[in-house]
1. Please pick out the residue among 248, 198 that is more than 30 Å from residue 290 (Cβ to Cβ) and either outside any helix (DSSP H, G or I) or open to solvent by 50 Å² or more (accessible area, probe 1.4 Å) (or both).
2. Contact list please: Cβ distance under 9 Å, first residue in the stretch 266-278 and in a helix (DSSP H, G or I), second residue among the basic types (Lys, Arg) and surrounded by 13 or more Cβ atoms within 10 Å (Cβ to Cβ), pairs at least six apart or on different chains.
3. Among the candidates 266, 290, single out the residue that is at pLDDT below 90, open to solvent by less than 50 Å² (accessible area, probe 1.4 Å) and not aromatic (Phe, Trp, Tyr).
4. State which residue pairs qualify: first residue touching a residue at least 12 places away in the same chain (Cβ under 8 Å) and inside the stretch 325-344, second residue open to solvent by 80 Å² or more (accessible area, probe 1.4 Å) and aromatic (Phe, Trp, Tyr) in any location, beta carbons under 7 Å apart, and separation of 6 or more residues or different chains.
5. Hey, can you tell me all the residues within the stretch 302-324 that are open to solvent by less than 30 Å² (accessible area, probe 1.4 Å) and either touching a residue at least 60 places away in the same chain (Cβ under 8 Å) or under 22 Å from residue 373 (Cβ atoms) (or both)?
Amino acid sequence: MPALASHRKTRSRTAKPSTAVGFTTAALAGVTLLSTQSATAAPSDPKPSIEEVQKKVDDLYRQAGSATQEFNKAKEATAEKRQEVDQLLDEAAKRTEKLNESRRALGNYAAAQYRTGSVTPTAALMFADSPQAYFDQTQLMDRMTDQQRRAVSEYETERAAAAKQRAEATKRLESLTDSQEALRTSKQTVQTKLAEARALLSKLTAEEKARLAAIEREKEEEARRKAEAKAKAEAAARAEAERQQQERETTPDTGTTDPGTGTDDGTYAAKADKVLAFARAQIGKPYVWGATGPSSYDCSGLTAAAWKAAGVDLPRTTWDQVKVGTRVETADLLPGDLVFFYDDISHVGIYIGDGKMIHAPKPGTNVREESIYYMPIYGSVRPA
């Protein structure tokens with residue numbers, strides 16, 4: 001009997017751990033299941049509204065426009081630095097040829113001295129690391145003819161100049177490399193922003209795209225109304241100017257002078273006519289970032305090309321173009337003036353009157369006429 005009791009006790013001890021393990025496993029499985037269900041049931045990020053998508057896309061295009069100006073700036077700097085480097089390398093090559101001529105002259109003197117048995121001084125000078133140190137020896141200088149001294153002096157001058165040009169070329173090459181890196185970075189930024197905008201638009205359903213188009217039409221209609229109001233104000237101002245002109249023609253001269261409009265009579269208008277004629281001829285051509293014509297343009301490429309047609313050279317970027325000429329208020333705009341947009345001055349158009357402009361808007365669009373109120377105005381300038 002004791003053996004039997006001992007046997008039962010042993011079975012009882014092994015049974016308890018088995019039950020505990022089973023309970024723990026079941027509990028863990030339950031926790032895992034609940035966790036999985038909770039994760040599955042967790043709400044995902046809410047889908048942005050069409051208004052939010054439109055705002056995000058517009059912002060991405062604006063950022064791409066700003067990056068395009070960075071690209072234009074880096075491209076211009078790269079071209080300038082490449083030209084400087086090429087010029088320095090050409091000069092260095094010419095300087096090296098002069099150095100070789102001086103070296104050959106010294107070689108001729110060394111050969112002549114060798115034939116007369118006095119090889120040591122000039123030959124040693126020619127192959128020395130520091131000829132100037134060797135020149136410090138008075139006895140050598142006394143033995144050299146004036147012609148030999150002049151040849152050595154020319155050699156030293158050419159060698160120093162060649163070394164200086166090589167150092168300058170190396171420095172400019174490093175600067176060129178930096179400009180090329182900035183060019184690559186800005187190009188990648190433009191491509192990234194445009195890809196993000198396309199990705200956002202590609203996720204929209206047909207219904208959402210229709211709603212987005214309706215928002216764009218509302219925005220365009222509001223800008224059109226503002227342009228019409230400005231057109232009426234300009235028409236009223238012209239009528240008043242004509243009335244005053246008629247009064248002056250019928251009133252005796254009192255010696256007073258007309259304050260004018262800040263422009264040189266018809267000079268600016270004549271240039272503006274050429275600018276507008278060129279700009280209108282580009283309508284329908286595609287926007288391509290970094291392009292300056294003649295088959296495609298970005299915004300500042302179009303304005304620069306249009307004013308060049310009138311004989312005025314403008315800088316490449318919007319950031320530099322806004323610094324040219326005279327600043328004018330929106331109320332005082334004249335045809336030909338440049339209107340800049342956004343706080344980062346990333347866009348520009350050519351004012352044509354009646355609250356409208358010709359501009360190259362953004363990727364996927366063509367050069368066209370549009371209200372200047374379609375985008376937030378930063379400021380305006382009269383280039384000439």
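1. Selected residue: 248, the only one of 248, 198 that is more than 30 Å from residue 290 (Cβ to Cβ) and either outside any helix (DSSP H, G or I) or open to solvent by 50 Å² or more (accessible area, probe 1.4 Å) (or both).
2. As it stands, the answer is 268/382; 278/308, since those pairs meet every condition given.
3. Within the list 266, 290, the selection yields 266.
4. Here the result reads 340/378; 341/378; 342/378; 343/378, each pair linking the stretch 325-344 to a residue that is open to solvent by 80 Å² or more (accessible area, probe 1.4 Å) and aromatic (Phe, Trp, Tyr).
5. Looking only at the stretch 302-324, we keep the residues that are open to solvent by less than 30 Å² (accessible area, probe 1.4 Å), and these are 302-307, 310, 312, 314, 317-318, 321-322.
The answer is 302, 303, 306, 307, 310, 312, 314, 317, 318, 321, 322.
The values are calculated or read from the model by the stated rules, or taken from the named source; none is laboratory data. This structure is a prediction, so every number in the text was calculated from the model and none was measured. As a convention, Cβ positions derive from the backbone with ideal geometry for all residues, glycine included, and neighbour counts pool all protein chains shown. Each accessible area value is taken on the protein alone, full model and side chains, heavy atoms only, with ligands, DNA and RNA left out. Shrake-Rupley method; radii C 1.70, N 1.55, O 1.52, S 1.80 Å.
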